[in-house]
Structure formats: structure tokens, C-alpha cells
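Trainee: The structure follows.
The values are calculated or read from the model by the stated rules, or taken from the named source; none is laboratory data. Bear in mind that the values here come from a model prediction, so they are computed numbers and not experimental data. With ideal geometry, Cβ positions are generated from the backbone for all residues, glycine too; neighbour counts draw on all protein chains shown. What goes into the accessible areas is simple: the full protein's heavy atoms, side chains included, and nothing from ligands, DNA or RNA. Shrake-Rupley method; radii C 1.70, N 1.55, O 1.52, S 1.80 Å.
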Amino acid sequence: MDRLIPKGDGPETRVFEAMRYSALAGGKRLRPFLVLSSADLFGVERSNSIRVAAAVEMVHTYSLIHDDLPAMDDDDLRRGLPTCHKKFDEATAILAGDGLLTLAFEVISGEATHSNARVRIELALEMAKAIGGQGMVGGQMLDLVAEDREFDVPEITRLQRMKTGALIAYSCQAGAILGNATEHQHHLLLAYAHDLGLSFQIVDDLLDVEGDAEEMGKATNKDAEAGKATYVSLLGVERAKEQAAILADQAIKHLEVFEEKGNFLRDLADFVVKRRK
Ligand code: GRG
């Protein structure tokens, strides 16, 4: 991302500074790890998969910048640093998010991502589907609706599948597209990603209740303050923990066919349940 996000050299430099500030601030890099590990299953060149991994992290960073805005979650701290709009200003933060989203598609569509234009188009098309109104953006809309109306477990599951699950699923799907996977392999990776995404979200809800704000680099207890139903408020802490572990185990089971090549993805499912941030 350091190489792909320009430093800028005109009066518009401020937007690049804001894009770089948020994208290079760290974070777990979970989604890029999924892209690289999924692509590795099929022996994809790292010079190709790393570009898709960077694009996915740019999209994720855009979603965090916009999610932190006063009109959405209104957060002051992200990844242990002032949020983009606090460091810069609201208008710049909106543009930085837009800039990262747009750059992600530029990177995916670039020839260096794959020599076959059909593969690049499929990568871009599936990305657009995952993060638009029927994916992440739609999920974020449901999240806002959930502030005024109590959602039940199936509704929360749909919300989370769209809001966070779709980009996680795309991260695995991208590896399969780059690697020209069979339909069966593609299906198994998606099944892994769906279970992993839900487990990730349940742990996120648990960390919002039990996590340490300093260790996590962001505010906690946000869901309860906003009066939002979560897996923890609906299931209770113990059942939510059980569900997260069951889903991670289930995710790992989908990887059997990849034998030891799937070990990084297996370890990631363990990490998702045990993480502290
Ligand atoms: C604004 C269009 C738009 C979408 C926002 C994903 C999202 C949708 C908002 C993020 C809000 C949030 C805190 C969701 C909970 C799960 C989640 C995505 C947590 C942050 O992801 P991590 O834990 O963050 O992977 P790092 O910093 O490690 O990359």
C-alpha cells in the first residue's frame, strides 16, 4: 500500500496524506492475509495476489474511515490513533475514503494484477458485488436501521453477513479467482469464509463488551451505548463464546480437501477466536 497510494505533489496532496495516514496505520491485516493464503493454495504468484490483498485492505480502510464519521459511529480513536476526521477534517476524511475505494478498483483492474483481462474483470465484478448495496454498504444501512428497531438473531446474522462477512468472503473468493479454482474448491473456500466471518463478528461483539480499549486501540461498549442488539445481547456472553468456537471449527472442516496447504487458513480460524483485538 505504501507503494500503491501516491504521496501526491499538488495542492490536493492533503487527500493522499489522509489516505496514507489511515491505510498505513496498522491493523490486523486479516483480509489481506486471507487473500494471500487462499491464493497460495493454488500456487498464485505473490506479485499478483499482493495487489488484490492491498486493494481489499484499501476498501476495508475506506469503510472504517466512513464508519468513524460523526454521521455514522462518531469515533475518535481507530487503530490506536485519532480517527481520520479528527486528524484531518470531515470533508477530507470523506474524500480519503472515496479515494481509497476508487484506488482499489484501479489496482485490481491494472494489468500487473493478472495477465488475463477476464480474471481482472471477474475480480472487479465480485468485489463490486461484495461491497455495494447488496453487501457491505447494505449491511451498514441495516446497522443504522438496527439503532431504532431491535433485530432478532436471523436479522443480525443477515446484517453481519452483509456488513463484514461479504468482504471477508470476497478475500477468499479472490484467491480462488486468481488461482482458477474448480467450482468445488471455490465453494469450499466460500463456506470457510462464511463461517469464519460470522465467528469473527461474534468475537467482535464479545470484545466490545469484554475487551480492553487501550489494547484494541478503539473505544469499547459502543453497541450497548447505541442500544444495538448484538450476538452478545441476544445470546449472552457464554453462548456467544460457544457459537464463535463452533463456527471456527466448522470453518476449519471445510478445508480438509486442501490438506496441509490449508494450515495458514486453519491457524487464522484459531486466531479469530483467541484474538484480544
Ligand atoms: C461505511 C460503507 C461503510 C461500511 C462500513 C465494515 C464496516 C462497514 C464498518 C466497520 C465497523 C465495525 C467496527 C464493524 C465490526 C467488525 C469490523 C469490521 C471490525 C474492524 O475490522 P478489524 O478488526 O480491524 O479487522 P483492523 O483495524 O484490525 O483492520
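Trainee: Work out the charge dipole of region 13-274 with +1 on the Cβ of Lys and Arg and -1 on the Cβ of Asp and Glu about the Cα centre, then indicate which of H184, V35, S47 is farthest towards its positive end.
Mentor: S47
Trainee: Report the paramagnetic label zone for E260: residues of region 8-41 whose backbone N is under 16 Å from a point 7 Å from Cα along the Cα-to-Cβ axis.
Mentor: Those under the cut-off are 41.
Trainee: Could you tell me which of rounded, prolate or oblate describes region 154-277, using a ≥ b ≥ c as the square roots of the eigenvalues of the alpha-carbon gyration tensor, with rounded for a/c under 1.5 and, failing that, prolate when a/b is larger than b/c and oblate otherwise?
Mentor: prolate
Trainee: Which whole-number percent is the relative contact order of the chain (Cα, under 8 Å, 6+ apart)?
Mentor: Across the chain, relative contact order equals 20 percent.
Trainee: For a quick check of understanding: with a 1.4 angstrom probe and all protein chains in place, what accessible area in square angstrom does S47 have, to the nearest ten?
Mentor: Only protein atoms counted, so the area is about 70 Å².
Trainee: If the only charges are +1 at each Lys and Arg Cβ and -1 at each Asp and Glu Cβ, what is the size of the charge dipole of the chain around the Cα centre, to the nearest 20 debye?
Mentor: 720 debye
Trainee: Ignoring ligands, DNA and RNA, what percent of the 1.4 Å accessible area of the chain is carbon and sulfur? Spell out each step's value before the answer.
Mentor: Details: 6840 of 13130 Å².
Carbon and sulfur: 52 percent of the exposed surface of the chain.
Trainee: While we're on this one: Find the eigenvalues of the gyration tensor of the Cα atoms of region 1-91, then list the square roots of 5 times those eigenvalues as equivalent ellipsoid semi-axes, largest first, in whole angstrom.
Mentor: Semi-axes from the Cα gyration tensor: 27, 17, 9 Å.
Trainee: Let me ask another. Sort the following peptides by mean Cβ neighbour count (other Cβ atoms within 10 Å, averaged over residues), highest first: 9-16, 171-178.
Mentor: Details: 9-16: 12.1, 171-178: 26.9.
In descending order of packing, they fall as 171-178, 9-16.
Trainee: If you don't mind, there's one more thing I want to ask. Grab the Cα-Cα distance for L142 and R118, subtract it from 0.36 nm times how many residues apart they are, and report the gain in nm with one decimal.
Mentor: Working: separation 24, 0.36 × 24 = 8.64 nm, distance 3.31 nm.
Here the segment from L142 to R118 would lengthen by 5.3 nm.
Trainee: Looking at the chain from every direction and averaging, what is the projected area of its Cα convex hull in nm²?
Mentor: With every direction weighted equally, the projected area is 13.8 nm².
Trainee: Now for a different question. What's the extension gain from L4 to R276 if we count 0.36 nm per residue and subtract their Cα-Cα distance?
Mentor: This chain segment gains 94.9 nm when fully extended.
Trainee: Which translational diffusion coefficient, to the nearest whole µm²/s, is obtained for region 235-277 from the Stokes-Einstein equation, given a Kirkwood hydrodynamic radius over C-alpha pairs, 37 °C and 0.692 mPa s? Before the final figure, lay out each step's value.
Mentor: On the way: Rh = 11.0 Å.
Approximately 297 µm²/s, per Stokes-Einstein.
Trainee: Of the options Q243, I121, F200, report the single residue whose Cα projects farthest towards the positive end of the charge dipole of the chain (beta-carbon charges: Lys, Arg +1; Asp, Glu -1).
Mentor: I121
Trainee: Can you tell me the FRET efficiency between E111 and L77 if r is taken as the Cβ-Cβ distance and R0 is 30 Å, rounded to the nearest 0.05?
Mentor: Working: r = 39 Å, r/R0 = 1.30.
The computed FRET efficiency comes out at 0.15.
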